[in-house]
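Read through the structure below, which is laid out as C-alpha coordinates, and then see the notes.
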Amino acid sequence: MASRFVPVIKFLLKGGLAGGSIYVVYSQGLLGGGEEGAQALHKAKEALPPALEEWAKYFGWQFPAIPKTDFSLCNAWNSGVRTVIGGLSVAPTRASEYTQYGWKYMKDLVK
(Lines give C-alpha, C1' and ligand atoms only; values in the text may rest on other atoms or scores of the structure.)
Protein backbone atom coordinates (compact mmCIF):
# COMPACT_ATOMS: atom_id res chain seq x y z
CA MET A 1 0.00 0.00 0.00
CA ALA A 2 2.79 2.43 0.94
CA SER A 3 4.75 1.58 -2.20
CA ARG A 4 2.06 3.27 -4.32
CA PHE A 5 2.77 6.59 -2.63
CA VAL A 6 6.54 6.51 -3.08
CA PRO A 7 6.44 7.86 -6.69
CA VAL A 8 4.01 10.59 -5.63
CA ILE A 9 6.22 11.58 -2.70
CA LYS A 10 9.32 11.58 -4.95
CA PHE A 11 7.52 13.76 -7.50
CA LEU A 12 6.35 16.22 -4.85
CA LEU A 13 9.82 16.37 -3.29
CA LYS A 14 11.52 17.03 -6.65
CA GLY A 15 8.89 19.64 -7.54
CA GLY A 16 9.40 21.35 -4.18
CA LEU A 17 13.17 21.44 -4.67
CA ALA A 18 12.82 22.81 -8.20
CA GLY A 19 10.30 25.42 -7.11
CA GLY A 20 12.40 26.42 -4.13
CA SER A 21 15.52 26.83 -6.24
CA ILE A 22 13.64 28.98 -8.76
CA TYR A 23 12.29 31.10 -5.91
CA VAL A 24 15.78 31.63 -4.45
CA VAL A 25 17.27 32.47 -7.84
CA TYR A 26 14.45 34.96 -8.54
CA SER A 27 14.58 36.53 -5.09
CA GLN A 28 18.35 37.06 -5.37
CA GLY A 29 17.91 38.93 -8.66
CA LEU A 30 19.62 36.41 -10.91
CA LEU A 31 16.71 36.38 -13.37
CA GLY A 32 16.64 40.16 -13.68
CA GLY A 33 18.69 42.51 -15.80
CA GLY A 34 22.43 42.83 -16.00
CA GLU A 35 22.65 45.32 -13.16
CA GLU A 36 20.69 43.05 -10.81
CA GLY A 37 22.85 40.08 -11.82
CA ALA A 38 26.03 42.06 -11.14
CA GLN A 39 24.73 43.03 -7.70
CA ALA A 40 23.87 39.39 -6.94
CA LEU A 41 27.35 38.30 -8.03
CA HIS A 42 28.90 40.96 -5.81
CA LYS A 43 26.81 39.77 -2.83
CA ALA A 44 27.86 36.17 -3.50
CA LYS A 45 31.53 37.16 -3.67
CA GLU A 46 31.19 38.83 -0.27
CA ALA A 47 29.19 36.04 1.40
CA LEU A 48 30.88 32.91 0.07
CA PRO A 49 34.39 33.13 1.63
CA PRO A 50 33.14 33.63 5.22
CA ALA A 51 30.65 30.79 4.80
CA LEU A 52 33.32 28.43 3.46
CA GLU A 53 35.64 29.41 6.27
CA GLU A 54 32.94 28.70 8.86
CA TRP A 55 32.15 25.29 7.33
CA ALA A 56 35.84 24.44 7.13
CA LYS A 57 36.24 25.17 10.86
CA TYR A 58 33.13 23.16 11.68
CA PHE A 59 34.22 20.07 9.72
CA GLY A 60 37.94 20.48 10.40
CA TRP A 61 38.83 20.97 6.75
CA GLN A 62 41.53 23.20 5.37
CA PHE A 63 41.11 24.92 2.01
CA PRO A 64 43.96 26.48 0.05
CA ALA A 65 43.94 30.24 -0.34
CA ILE A 66 41.81 31.47 -3.22
CA PRO A 67 44.07 32.99 -5.87
CA LYS A 68 43.31 36.53 -7.00
CA THR A 69 42.78 36.85 -10.73
CA ASP A 70 41.82 39.68 -13.03
CA PHE A 71 39.31 37.46 -14.81
CA SER A 72 35.87 39.02 -15.07
CA LEU A 73 33.09 36.47 -15.05
CA CYS A 74 30.60 39.10 -16.22
CA ASN A 75 32.68 39.94 -19.31
CA ALA A 76 33.19 36.26 -20.14
CA TRP A 77 29.47 35.60 -19.73
CA ASN A 78 28.53 38.56 -21.92
CA SER A 79 31.04 37.46 -24.55
CA GLY A 80 29.52 33.98 -24.61
CA VAL A 81 26.00 35.35 -24.86
CA ARG A 82 27.02 37.63 -27.74
CA THR A 83 28.64 34.70 -29.56
CA VAL A 84 25.57 32.49 -29.18
CA ILE A 85 23.15 35.23 -30.22
CA GLY A 86 25.36 36.10 -33.18
CA GLY A 87 25.36 32.46 -34.26
CA LEU A 88 21.59 32.25 -33.91
CA SER A 89 21.11 35.44 -35.91
CA VAL A 90 22.98 34.05 -38.94
CA ALA A 91 21.54 30.54 -38.63
CA PRO A 92 18.66 31.03 -41.11
CA THR A 93 21.02 32.47 -43.74
CA ARG A 94 23.55 29.68 -43.23
CA ALA A 95 20.82 27.03 -43.35
CA SER A 96 19.60 28.44 -46.66
CA GLU A 97 23.12 28.51 -48.09
CA TYR A 98 23.85 24.95 -46.98
CA THR A 99 20.51 23.74 -48.33
CA GLN A 100 21.24 25.29 -51.73
CA TYR A 101 24.71 23.76 -51.69
CA GLY A 102 23.22 20.36 -50.80
CA TRP A 103 20.65 20.51 -53.60
CA LYS A 104 23.33 21.52 -56.10
CA TYR A 105 25.50 18.61 -54.92
CA MET A 106 22.61 16.14 -55.24
CA LYS A 107 21.74 17.44 -58.74
CA ASP A 108 25.35 17.03 -59.81
CA LEU A 109 25.34 13.44 -58.51
CA VAL A 110 22.16 12.57 -60.43
CA LYS A 111 23.48 13.92 -63.77
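Round to the nearest 10 and report in Å² the accessible area of residue 108, as given by a 1.4 Å probe over the protein chains' heavy atoms.
About 80 Å², ignoring ligands and nucleic acids.
Tell me, in nm to one decimal, what length is gained between residue 57 and residue 106 on full extension, where the rule is 0.36 nm per residue of separation less the Cα-Cα distance?
Stretched fully, the residue 57-residue 106 segment lengthens by 10.8 nm.
Suppose R0 equals 22 Å. What FRET efficiency, 1/(1 + (r/R0)^6) with r the Cβ-Cβ distance, do residue 38 and residue 69 give to the nearest 0.05?
The formula returns an efficiency of 0.80 here.
Please report the accessible area of residue 97 (heavy atoms, 1.4 Å probe, ligands and nucleic acids excluded) in Å², nearest 10.
Result for residue 97: roughly 80 Å² accessible.
Given the range 5-111 reduced to its alpha-carbon atoms as identical point scatterers, what log10 I(q)/I(0) does the Debye formula return at q = 0.14, 0.17, 0.21, 0.23 Å⁻¹?
-0.90, -1.04, -1.16, -1.19
Divide by every residue of the chain the summed helix terms, -39500 (n - 2.57) for each DSSP H run of at least 4, and state the resulting mean residue ellipticity at 222 nm, rounded to the nearest 500 deg cm²/dmol.
-28000 deg cm²/dmol
Which whole-Hz ³J(HN,Hα) couplings does the range 7-17 yield from phi under the Karplus relation 6.51 cos²θ - 1.76 cosθ + 1.60, θ = phi - 60°, glycine and proline marked x?
Once rounded to whole Hz, the list reads x, 5, 5, 4, 4, 5, 5, 5, x, x, 5.
Mind pulling the angle between the C-alpha long axis of helix 34-59 and the longest principal axis of the chain? Nearest 10 degrees, somewhere in 0 to 90.
Between the helix axis and the principal axis of the chain, the angle is about 50 degrees.
Any chance you could give the angle, 0 to 90 degrees and rounded to 10, that helix 73-110 forms with the longest Cα principal axis of the chain?
30 degrees
The values are calculated or read from the model by the stated rules, or taken from the named source; none is laboratory data. For clarity, every value in this text was computed on a predicted model and none was experimentally measured. Neighbour counts run over all protein chains shown; Cβ positions are idealised from the backbone, glycine included. Each accessible area value is taken on the protein alone, full model and side chains, heavy atoms only, with ligands, DNA and RNA left out. Shrake-Rupley method; radii C 1.70, N 1.55, O 1.52, S 1.80 Å.
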